[in-house]
1. Looking at the stretch 43-196, I'd like the Rg to Rh ratio, where Rg is from alpha-carbon atoms and Rh is Kirkwood's inverse mean 1/r.
2. For the pair residue 19 and residue 221, how long in nm is the line joining their label points, each one 7 Å along Cα→Cβ?
3. Under 1.5 on a/c is rounded, so check that first for the stretch 177-242, then, if it is not, pick prolate when a/b is larger than b/c and oblate when it is not; a ≥ b ≥ c are the square roots of the alpha carbon gyration tensor eigenvalues.
4. Rounded to the nearest 5, what % of DSSP beta bridges with both residues in the chain are antiparallel?
5. What is the packing order of peptides 43-54, 86-97, taking the mean over residues of other C-beta atoms within 10 Å and listing the highest first?
6. What base-10 log of the normalised intensity I(q)/I(0) is obtained for the chain from the Debye formula, alpha carbons as equal point scatterers, at q = 0.16 Å⁻¹?
7. Could you pull the Rg and Dmax for the stretch 1-120, using just the Cα atoms, both in Å?
8. Is the C-alpha gyration tensor of the stretch 117-260 telling us rounded, prolate or oblate? Criteria: a/c under 1.5 is rounded; beyond that, a/b larger than b/c is prolate, otherwise oblate.
Ligand SMILES: O=C(O)CC1=CCC(=O)O1
């Protein structure tokens, strides 16, 4: 896996799949590494060259001091594409990955082909939840918020049915560097990309989870309504819908990216 330099921050990047095929870039949720996409990889690598990466502050990437911002995360993606000599990619980002996709779609439209914005928001009306989470993590580490976060990621039904997957997701969250996690929460506490959405001209699919409390269905509907010609698909899932509904998620991604 190459480590790619983005303004002095080394980012852990993985490139797999079909050589010479269209390229699809996957972008993670807060507290997740590129491993979050494992349920999709077998199918996606048969059709696409798939780029995954650990966002700065996460996984095997560097953890430079904050503040971070969606612009910073977007420029990290452009550094990866430049380094790999890739002009244009399809984008699939979940949660923060979807927020980075919004930034790129509006600010670097020449680098994105089709865009999938999954379980995401363009702003938070009230930053209190993020400020509370920052305080809790500063005081008690990620362990102090992990069960609440996991309850937002996966429905109770799924957690009961799939204890091993749930435990793996929790371990991934708990392994996140605290400084990187906090710097991302700070970026989320001031997020407001509402003005960017009408500037996105790429074909866009918005995915939302019927049981997603972190970025509710209404947040997905707002994004859909503001991006010209965007469509919305809803899954019976909480926040991390690609893990909770892996087959439906993969089918939606493949269907959207391969339709003419
Ligand atoms: O991890 C969470 O609590 C939910 C979330 C919001 C933005 C993001 O990337 O994840």
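1. 0.97
2. Here the answer is 4.9 nm between the modelled labels.
3. On the way: a/c = 2.37, a/b = 1.29, b/c = 1.84.
It is oblate, given that a/c is not under 1.5 and a/b is not larger than b/c.
4. Numbers: 10 of 32 bridges.
Taking every DSSP beta bridge within the chain, about 30 percent pair in antiparallel fashion.
5. Working: 43-54: 20.8, 86-97: 23.3.
Per-residue Cβ counts within 10 Å, averaged per peptide and sorted highest first, yield 86-97, 43-54.
6. One equal scatterer on each Cα of the chain leads to -1.24.
7. Rg, Dmax (Cα atoms, Å): 12.9, 38.
8. oblate
We did not get these values from a lab; they are worked out from the coordinates using the rules stated. Every value quoted in this text rests on a predicted model; they were computed, and no experiment measured them. Methodologically, a virtual Cβ is constructed for each residue, glycine included, from the backbone with ideal geometry; neighbour enumeration extends over all protein chains shown.
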